[in-house]
Amino acid sequence: MAIWLVFLVLGAIAGVLAGLLGVGGGLVLVAALAWIAPAFGIPQEAAMHTALASSLASIVLTATASARAHAKRGSVLWPTVRWMVPGLIVGGWLGSWFAVRIDGEWLRWIVAGYCLIAAAQLLFGSRARRSARTRRRRRARRCRARAWASARSRRWSASAAAA
């Protein structure tokens, strides 16, 4: 029973952090699972492989539920899906082929590097978010400028009509 409690708490923490930080729960889960896996009898050399496999298995379940919900709403672009599926299959196969053959220590460093990149994006903001923020600010400035020009034009036409 204690094992289930550990994983329940881990899932709750990953969910809360994912919601607060806007990152995928897998980012949190992989690190936590790799850290606690040896406590459950998994050899240290296989801990990272096990953590990644467990995280990916949970993603399959959540992605399936999400895809069904979006399909029911009619918000899935099926022609785009047809174009993406071959690449997804090949990419998944190549990724698993590579991950199985790489040493656990190397895999740990690769995942750590990915986590650092994700942390830097969260800390400094991605270029896409910055450019969207810049577009919103420019749009707000244009709206203020138009409103000012419109008010000035009304004042000018009212004073011209009075004269």
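Here, each number is a calculation from the coordinates, and none is a lab measurement. As the structure is a computational prediction, the values presented were derived from the model and not from experiment.
Things to note:
- Semi-axis lengths, largest first, of the ellipsoid equivalent to segment 1-145 are 33, 21, 18 Å, with √(5λ) applied to each eigenvalue of the Cα gyration tensor.
- Put the Cα centre of segment 89-117 next to the Cα centre of segment 12-53 and the gap is 14 Å.
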